[in-house]
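No lab work stands behind these numbers, since they all come straight from the coordinates. Predicted model only: the values in this text are computed from it and were never measured. For neighbour counting, all protein chains shown are included, and Cβ atoms are generated from backbone atoms with ideal geometry for every residue, glycine included.
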Amino acid sequence: MADGLDLGDFTAGEKVRLAGLIARMAKRGLADDGTGNVDLSDLKRRFERIENQARRRKEQGK
């Protein structure tokens with residue numbers, strides 16, 4: 001994970017949400033017509049938001 005986050009830093013719900021986002025990213029990649037122009041920006045923003053939430057929680061726990 002990014003910036004020193006481990007899998008244990010995420011709650012069970014966050015792990016499920018991240019797995020769902022990864023699956024949606026993979027699905028969009030498979031649906032690509034071969035050009036490589038797949039827009040994943042919305043899913044990446046959601047992913048980063050969940051990571052930031054876990055990072056803030058980790059920092060507060062120190």
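Within region 15-62, being of a type in the set (Gly, Ala, Ser) and under 15 Å from the mean Cα position of the chain (by Cα) holds for ALA19, GLY20, ALA23, ALA26, SER41, ALA54.
Of all residues in region 15-62, those being outside any helix (DSSP H, G or I) and either surrounded by 10 or more Cβ atoms within 10 Å (Cβ to Cβ) or polar (S, T, N, Q) (or both) number 5.
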